[in-house]
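The values are calculated or read from the model by the stated rules, or taken from the named source; none is laboratory data. Because the structure is a prediction, the values reported are computed rather than measured. Using ideal geometry, Cβ is built from the backbone for each residue, glycine included, and neighbour counts are taken over all protein chains shown.
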Amino acid sequence: MKNIKPTKTEAWKKLKEHYQEVEQLQMKDLFAEDGQRASDFAIEWEDFYLDYSKNRITPKTKELLLQLAEECSLKEAMDSYFGGEAINKTEGRPVLHTALRAGKSEDIKVDGQNVLPEVEEVKSKIKSFSSEVIEGSRKGYTGSGFTDVVNIGIGGSDLGPVMVTESLKFYQNHLNVHFVSNVDGDHVHETIKDLNPETTLFIIVSKSFTTQETLSNSTTIRSWFLRSAPEEAVSKHFVAVSSNVEKVKEFGIDPENIFPMWDWVGGRFSLWSAVGLSISLAVGYSNFEALLKGARKMDEHFKNSDFSENIPVQLALISIWYNNFFGAESEAIIPYTQYLHRLPAYLQQAIMESNGKSVDRNGEKVDCQTGTIIWGEPGTNSQHAFFQLIHQGTKLIPADFIGFKNSLFHDTDHHNKLMANFFAQTEALLQGKTEGEVREELQQKSLSEEKIKEILPFKVFDGNKPTNTILIDKLTPESLGKLVAMYEHKIFIQGVIWNIFSYDQWGVELGKQLASKILKEIENNAVQNHDSSTKNLLNFFIK
């Protein structure tokens, strides 16, 4: 991909000037002046409807942001992204999670070889394995079918499968799926304490099969399992998703039960691969396939739609507008369904690990802000938690509101109340409440003028708070696939424009290296050289 400093483009300069013009604009004035605004700043695609009209943007803003994308050669970068070029340059790898959900007839090459036949082979293996476990033909060492599945992984080997299985819980079969990630021993012991080893299947997910957290948890679980099972039973109850076949075999796992991982799929984008085995087990392969289908449809939309009507492109450009020109440092993700309660945590890794970079693709310090801090919780819970700060705090926090037209249990009463809040919050964030409106409300309560004067400042809402509204027909495996892929492409677009490498994560290495050194010191009760704070803390811990 081309190395283009965004701050040196004509579009960036024009956007800085434009920001001075629109900084104080009130969105409600824009709506009052333009009766077509709501429809002009909206995209309807399949079962998705994106309303981005409640943003501090004008037609000129949109035009300049699209010019920025063009000057940063976004279209050419997309060709490299989908074409299998090694755009993860610091690790010398392509970035092809999109190949995991591509059509069978496509030809996507890595090192001259079409990877689709191998992808299809693994999908077939996931399908047959899942079916055998779900239907009960694959049994444990005592001849019993499986009732529970434990996924052992961390980072992308955990967050993606957890998020999807929670999101699709409505579609879950009889298998109980559990996740162990943290190296905290309390986590693993709490998870397995009530499980029956005779009916539990364990999936170890680690590309290298050396990740400290995953291997520690796997070893602990293996020891627990062998308290009641013979050594040869390990091969029936443990499977692995890994590229280190020898290490997996040493653990006692049958080579037939090893699912591959590829270097051209990053961990935080790997749920579409065999890393999603726990998803396929939880909801069945047909639903896993529908998840992939939805992502593929979003890939096609991203590749083929004009940028002005392209959902990931518009979301990414709006985010850049706030991050780089308004100085907004965070974005809230607010799904109005409890099923998506793990989506913000999943997107924290996907977005912050990808674009939390301070060196550009030229190897130089960036000269603009990159990345955004991602956080959120489901509505309406979030309304009773942090919405106070969004409404009346001092920080500008753009937010994505994600809602569904239809509920899964068809409880109209509950869903209408939920969605009334969904629509009300974005309107309230837009409109705010003026002093005049507050005064009128207080007068209707027959309060004295003195009391009104005292209370009035605290009940004023400035409004003008930006939101995107993503309204989807129904939460299905396919719609979830579209939603996740939408955010994946948003990450890519922003990385291209910020001129950074989105697909490495060297920032996680230093802490790991120091932890290995400190662990030896703890085990040997011998603290070595550290800063005085760390040294004091270690001495206090081990004394």
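Looking only at residues that are among the hydrophobic types (A, V, I, L, M, F, W, C) and in contact with a strand residue (DSSP E or B) (Cβ under 6 Å, 6 or more places away or on another chain) in the range 128-172, which one is surrounded by the most Cβ atoms within 10 Å (Cβ to Cβ)? The extreme case among them is ILE152.
Within the option set THR61, THR9, being touching a residue at least 40 places away in the same chain (Cβ under 8 Å) and touching an Asp or Glu at 6+ places or on another chain (Cβ under 8 Å) holds for one residue only, THR9. All of PRO335, PRO398 fail the test of being closer than 23 Å to LYS14 by Cβ, surrounded by 22 or more Cβ atoms within 10 Å (Cβ to Cβ) and in contact with a Pro (Cβ under 6 Å, 6 or more places away or on another chain), apart from PRO398. Scan the range 207-258 for residues that are small (Gly, Ala, Ser) and surrounded by 23 or more Cβ atoms within 10 Å (Cβ to Cβ) and report the count. Final tally of qualifying residues: 3.
Taking the range 176-196 as the range and being under 22 Å from ILE154 (Cβ atoms) and touching a residue at least 40 places away in the same chain (Cβ under 8 Å) as the test, the residues that pass are VAL177, PHE179, VAL180, THR191, ILE192, LEU195.
Tell me whether the range 92-100 contains one or more residues that are buried (at least 17 other Cβ atoms within 10 Å of the Cβ) and in a strand (DSSP E or B). Yes. Looking only at residues in the range 2-17 that are touching a Phe, Trp or Tyr at 6+ places or on another chain (Cβ under 8 Å) and buried (at least 18 other Cβ atoms within 10 Å of the Cβ), the one that is farthest from LYS60 (Cα to Cα) is PRO6.
Of all residues in the range 46-73, those satisfying the criterion of being more than 30 Å from THR476 (Cα to Cα), crowded, with 21+ Cβ neighbours inside 10 Å and of a type in the set (A, V, I, L, M, F, W, C) are ILE57, LEU64, LEU65, LEU68, ALA69, CYS72. Any chance the range 424-439 includes a residue that's under 27 Å from PHE404 (Cα atoms), modelled with pLDDT of 95 or more and part of a strand (DSSP E or B)? Taking every residue of the range 424-439 in turn, none turns out to be under 27 Å from PHE404 (Cα atoms), modelled with pLDDT of 95 or more and part of a strand (DSSP E or B). Scanning the range 105-128 for residues that are assigned to a loop (DSSP other than H, G, I, E, B) and within 19 Å of GLY276 (Cα to Cα) returns a single hit, VAL115.
Among residues that are at pLDDT below 95, in a helix (DSSP H, G or I), more than 30 Å from GLY284 (Cα to Cα) and not β-branched (Val, Ile, Thr), GLY511 is included. Of the listed requirements (1) closer than 21 Å to ARG296 by Cα; (2) touching a residue at least 60 places away in the same chain (Cβ under 8 Å), SER130 misses just one: (1). Search the range 322-336 for residues that are free of Cβ contacts under 8 Å to residues at least 60 places away in the same chain and pair each with any residue that is of a type outside the set (A, V, I, L, M, F, W, C) and part of a strand (DSSP E or B) when their beta-carbon atoms are under 9 Å apart and the residues are at least 6 apart or on different chains. Hits for this filter: ASN323/GLU331.
Listed here are the residues, each with its yes/no results for (1) modelled with pLDDT of 95 or more; (2) assigned to a loop (DSSP other than H, G, I, E, B); (3) closer than 28 Å to ARG268 by Cα.
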position	(1), (2), (3)
GLU190	yes, no, yes
PHE202	yes, no, yes
SER208	no, yes, yes
ASN217	yes, no, yes
THR220	yes, no, yes
SER223	yes, no, no
ALA240	yes, no, yes
